[in-house]
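A.B. asks: Pasting in a structure now, in structure tokens, and then I'll have a few things to ask.
The values are calculated or read from the model by the stated rules, or taken from the named source; none is laboratory data. Since we're looking at a predicted model, the values are computed, not measured. Because the Cβ atoms are built from the backbone with ideal geometry, glycine has one as well, and the counts that use them run over all protein chains shown.
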Amino acid sequence: MKKPSYPLEAARGLRESELDEAKRGLSAANETLAERERALEVARAEVARHREETRAIAARESALDHTGRSAAEMRRGQEYLARRGLEAKGLDRSVAEAAEAVRDAARKVEDARAKLAEARAAREAVERHHDAWQDERAKKAEARAEAEAEDVIAGRARRES
């Protein structure tokens with residue numbers, strides 16, 4: 001006698017593949033978040049380095065201003081510091097953009113976690129149904145076996161009487 005197949009086997013396989021895909025999605029989202037966090041750290045470090053260099057340059061310029069430099073030399077020094085100020089603004093924008101990328105990646109991680117939870121719940125529902133189906137099959141098989149045993153006993157009793 002052919003063993004009956006589970007009627008929702010296709011759904012069971014689909015739920016398992018959805019769960020695998022959700023796990024991969026969460027893993028990828030976590031990797032992206034980690035990359036974005038590293039990029040933010042690099043951007044912040046670059047800002048700190050640039051600010052420190054600019055402070056040192058400004059201190060040197062200030063000290064040189066008292067040495068009798070020409071107006072043109074002083075103007076060049078001020079223009080250089082002004083350009084560094086513009087560079088600092090650009091670096092600050094880079095930090096803001098990197099921070100926004102981290103926030104976006106964190107939202108995607110949360111979305112991926114929610115999808116994973118949904119996929120797990122869907123798979124567990126199918127597995128509970130499968131377990132119930134198997135239990136029902138086992139009960140039916142046990143009832144058939146009991147009925148067959150009763151038939152055998154009844155047949156013996158008729159032969160003996």
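A.B. asks: Among residues belonging to segment 51-83 that are of a type in the set (Ser, Thr, Tyr) and surrounded by 10 or more Cβ atoms within 10 Å (Cβ to Cβ), point out the one that is nearest to Val95 (Cα to Cα).
C.D. replies: Thr54
A.B. asks: Just wondering, is there one or more residues in segment 55-69 that are at pLDDT 95 or above, assigned to a helix (DSSP H, G or I) and not small (Gly, Ala, Ser)?
C.D. replies: Checked against the condition, which is being at pLDDT 95 or above, assigned to a helix (DSSP H, G or I) and not small (Gly, Ala, Ser), segment 55-69 yields at least one hit.
A.B. asks: Is one or more of the residues making up segment 15-30 part of a helix (DSSP H, G or I), of a type outside the set (Asp, Glu), over 29 Å from Glu110 (Cα atoms) and at pLDDT 95 or above?
C.D. replies: No, because not a single residue in segment 15-30 is part of a helix (DSSP H, G or I), of a type outside the set (Asp, Glu), over 29 Å from Glu110 (Cα atoms) and at pLDDT 95 or above.
A.B. asks: Could we say that Arg120 is modelled with pLDDT of 95 or more, surrounded by 11 or more Cβ atoms within 10 Å (Cβ to Cβ) and over 33 Å from the mean Cα position of the chain (by Cα) here?
C.D. replies: For Arg120, the condition - modelled with pLDDT of 95 or more, surrounded by 11 or more Cβ atoms within 10 Å (Cβ to Cβ) and over 33 Å from the mean Cα position of the chain (by Cα) - is not met.
A.B. asks: Identify the single condition in (1) over 26 Å from Glu21 (Cα atoms); (2) surrounded by 11 or more Cβ atoms within 10 Å (Cβ to Cβ); (3) modelled with pLDDT of 95 or more; (4) of a type in the set (A, V, I, L, M) that Leu86 does not satisfy, given that it satisfies every other one.
C.D. replies: Here Leu86 meets the rest and fails (2).
A.B. asks: Taking the criterion of being of a type outside the set (Val, Ile, Thr) and within 30 Å of Leu33 (Cβ to Cβ), would at least one residue in segment 134-146 satisfy it?
C.D. replies: no
A.B. asks: If you check every pair at least six apart or on different chains, which have Cβ atoms under 7 Å apart with a residue in segment 50-67 that is touching a residue at least 24 places away in the same chain (Cβ under 8 Å) first and a residue that is among the charged types (D, E, K, R) second?
C.D. replies: Hits for this filter: His50/Glu87; Thr54/Arg84; Ile57/Arg84.
A.B. asks: A further question follows. Kindly establish whether Ala11 is buried (at least 16 other Cβ atoms within 10 Å of the Cβ), assigned to a helix (DSSP H, G or I), under 24 Å from the mean Cα position of the chain (by Cα) and not β-branched (Val, Ile, Thr). Spell out how you get there, then give the answer.
C.D. replies: Numbers: buried (at least 16 other Cβ atoms within 10 Å of the Cβ): yes; assigned to a helix (DSSP H, G or I): yes; under 24 Å from the mean Cα position of the chain (by Cα): no; not β-branched (Val, Ile, Thr): yes.
No.
A.B. asks: Further question on the same structure: Does Ala34 satisfy the criteria of being more than 24 Å from Arg120 (Cα to Cα), out of contact with any Lys or Arg (no Cβ under 9 Å at 6 or more places or on another chain), surrounded by 15 or more Cβ atoms within 10 Å (Cβ to Cβ) and at pLDDT 95 or above? Spell out the reasoning first.
C.D. replies: Numbers: more than 24 Å from Arg120 (Cα to Cα): yes; out of contact with any Lys or Arg (no Cβ under 9 Å at 6 or more places or on another chain): yes; surrounded by 15 or more Cβ atoms within 10 Å (Cβ to Cβ): no; at pLDDT 95 or above: yes.
For Ala34, the condition - more than 24 Å from Arg120 (Cα to Cα), out of contact with any Lys or Arg (no Cβ under 9 Å at 6 or more places or on another chain), surrounded by 15 or more Cβ atoms within 10 Å (Cβ to Cβ) and at pLDDT 95 or above - is not met.
A.B. asks: May I ask you to verify whether Tyr80 is among the hydroxyl-bearing types (Ser, Thr, Tyr) and closer than 30 Å to Arg144 by Cβ?
C.D. replies: Numbers: among the hydroxyl-bearing types (Ser, Thr, Tyr): yes; closer than 30 Å to Arg144 by Cβ: no.
Criteria not met by Tyr80.
A.B. asks: On to the next question. Out of Glu79, Glu127, Glu118, I need the residue that is without any contact (Cβ under 8 Å) to a residue 60 or more places away in the chain and assigned to a helix (DSSP H, G or I). Which one?
C.D. replies: Unique residue meeting the criteria: Glu79.
A.B. asks: Still on this structure, please answer the following. Across segment 71-123, what is the number of residues that are touching a Lys or Arg at 6+ places or on another chain (Cβ under 6 Å) and among the small types (Gly, Ala, Ser)?
C.D. replies: Selection size over segment 71-123: 3.
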